[in-house]
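Here is the structure we will look at, set down as structure tokens.
The values are calculated or read from the model by the stated rules, or taken from the named source; none is laboratory data. The model shown is predicted, which means the values in this text are computed figures rather than measured ones. Every residue, glycine among them, receives a Cβ derived from its backbone with ideal geometry; neighbour counts consider all protein chains shown.
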Amino acid sequence: MNDASPDTISSSQASPNSNQGTETDLDRIASQIPTVRKLLHQSIVGQDLVLDQLLICALSGSHALLVGAPGLAKTLMVKSLANAFHWKFSRVQFTPDLMPSDITGYELLGRNNQTGEMSMQFRKGPVFANLVLADEINRAAPKTQSALLEAMAERHVTIGGETYPLEEPFLVVATQNPIEQEGTYPLPEAQLDRFMMEIHVGYPTHAQEKEIVLKTTGNETIAEESRLSRETFLELRHAVRSVPVPEHIADYAVSLCAGTRPGGGIKLIDDYVAFGAGPRGSQNLVLAAKARALIQGRTAPILDDLLAVATSILRHRIIVNHRAIGDGIDTPQIIAGLIKAMPVPVG
């Protein structure tokens, strides 16, 4: 099994016709996903789409960026995901004075308990966890941001010439507060590309907010404990890679991603887009469609699976030009127009 990030998948692993497990195996493994969803909803009211997108990122071994106003239970969502699989969880509050060593760890002079000799010893930082919550990542300086993003890409940390691998699974969920701009360092577009999805968290409905108020202002209830192990999760993640992808779905993913790039003959894109999505966008579209298919109880993705994840995967990979800003055109509108302009695949 190889759970490398999408940009390091070999051609044999990424083959649309790859089918490493039987349909019976996929059915058996997929039957465990409703248990995970139930555990997540024990702590979270509503936000079904957000929770499913978080689960898609986890099952595909990818990272997620949560964007939403304060008080929308973003931290609780990530904690609930860690609890569902008994993962080691760590939370880092990003601030302007946070240093890279505060994330990765550091070396210090210490005494060996057996020999009594003094030597440099490595103290692991919070990045050595299965699920790392980078809270308000845009508040830290670029040097600190890059320390975490390197770990996301390489799955290891190098300190003092020594390389320390990160335990699998390793996932990063970063949050951004869209209402505060002062004292922030927005992530560069090239680094945003490391996140599979940019997930927007909205406000609850009236009925959902009432349920939240009633649940959180009464006696605390004890949630059902998860019985799913780390090994179960790795089996689920391997199942996602084993899901066969119809050729017309793979073709459409590539065409949709390529359609975001100016110069392809689509007027909307040529008028409003400065830079489109790269090949990592196509890879993530297919991976996310596979994971969503399993979540929905199917053993192969259909067009609806791909379209359901398209906005979250592509919106942070499309850079609009000044004309789009002047005309009030945002990336979700561009993606919706692109999907309308693309011919529907037949298969």
**Message:** Suppose we filter 288, 308, 336 for residues that are under 18 Å from residue 199 (Cβ atoms), aliphatic (A, V, I, L, M) and surrounded by fewer than 17 Cβ atoms within 10 Å (Cβ to Cβ); which single one remains?
**Reply:** 336
**Message:** List the residue pairs whose Cβ atoms are under 9 Å apart, where the first residue sits in the range 101-121 and is modelled with pLDDT of 80 or more, the second is of a type in the set (Asp, Glu) and part of a helix (DSSP H, G or I), and the two are 6 or more positions apart or on different chains.
**Reply:** 104/150
**Prompt:** Can you tell me which residues in the range 319-346 are farther than 15 Å from residue 255 by Cα and assigned to a loop (DSSP other than H, G, I, E, B)?
**Reply:** 321, 328, 329, 330
**Item:** Filter result for residue 127 (part of a loop (DSSP other than H, G, I, E, B), surrounded by 14 or more Cβ atoms within 10 Å (Cβ to Cβ), among the β-branched types (Val, Ile, Thr) and in the same structural domain as residue 70 (by TED's automatic domain parsing))
**Value:** yes
**Request:** Please specify each residue of the range 138-163 satisfying the condition of being in contact with a Phe, Trp or Tyr (Cβ under 7 Å, 6 or more places away or on another chain), surrounded by 15 or more Cβ atoms within 10 Å (Cβ to Cβ) and farther than 25 Å from residue 72 by Cβ.
**Result:** 141, 155, 157, 159
**Asked** Mind checking which residues of the range 258-268 are of a type outside the set (A, V, I, L, M), in a helix (DSSP H, G or I) and in contact (Cβ under 8 Å) with a residue 12 or more places away in the chain?
**Response** 259
**Fill in**
Residue hits (the range 311-328; crowded, with 24+ Cβ neighbours inside 10 Å and either in contact with a Phe, Trp or Tyr (Cβ under 9 Å, 6 or more places away or on another chain) or charged (D, E, K, R) (or both)) are 318
**Asked** Looking at the range 247-257, is at least one residue surrounded by 21 or more Cβ atoms within 10 Å (Cβ to Cβ), assigned by TED's automatic domain parsing to the domain that holds residue 320 and not in a helix (DSSP H, G or I)?
**Response** no
**Asked** When you scan the range 30-70, how many residues do you find that are more than 14 Å from the chain's Cα centre (by Cα) and part of a helix (DSSP H, G or I)?
**Response** 13
**Asked** Which pairs have Cβ atoms under 7 Å, sit 6 or more apart or on different chains, and link a residue in the range 35-62 that is among the polar types (S, T, N, Q) to one that is assigned to a loop (DSSP other than H, G, I, E, B)?
**Response** 35/228; 42/223; 42/224; 43/223; 47/201
**Prompt:** Does residue 55 fit the bill of being in the same structural domain as residue 198 (by TED's automatic domain parsing), under 30 Å from residue 119 (Cβ atoms) and among the hydrophobic types (A, V, I, L, M, F, W, C)?
**Reply:** no
**Asked** Quick one: is residue 89 surrounded by 13 or more Cβ atoms within 10 Å (Cβ to Cβ), of a type outside the set (Asp, Glu) and at pLDDT 90 or above?
**Response** yes
**In the range 137-195, the residues that are part of a loop (DSSP other than H, G, I, E, B) and acidic (Asp, Glu)** = 167, 168, 180, 182, 193
**Message:** Given the options 84, 73, 69, name the one that is over 14 Å from residue 145 (Cβ atoms) and either of a type in the set (Ser, Thr, Tyr) or loosely packed, with under 14 Cβ neighbours inside 10 Å (or both).
**Reply:** 69
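So that you can scan it fast, the table gives a plain yes or no per residue for (1) in contact with a Ser or Thr (Cβ under 9 Å, 6 or more places away or on another chain); (2) part of a helix (DSSP H, G or I):
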{"position": "72", "(1), (2)": "no, no"}
{"position": "78", "(1), (2)": "yes, yes"}
{"position": "90", "(1), (2)": "no, no"}
{"position": "98", "(1), (2)": "yes, no"}
{"position": "103", "(1), (2)": "yes, yes"}
{"position": "106", "(1), (2)": "no, no"}
**Fill in**
When (1) of a type in the set (Ser, Thr, Tyr); (2) surrounded by fewer than 21 Cβ atoms within 10 Å (Cβ to Cβ); (3) not in a helix (DSSP H, G or I) are applied to residue 299, the one that fails is (2)
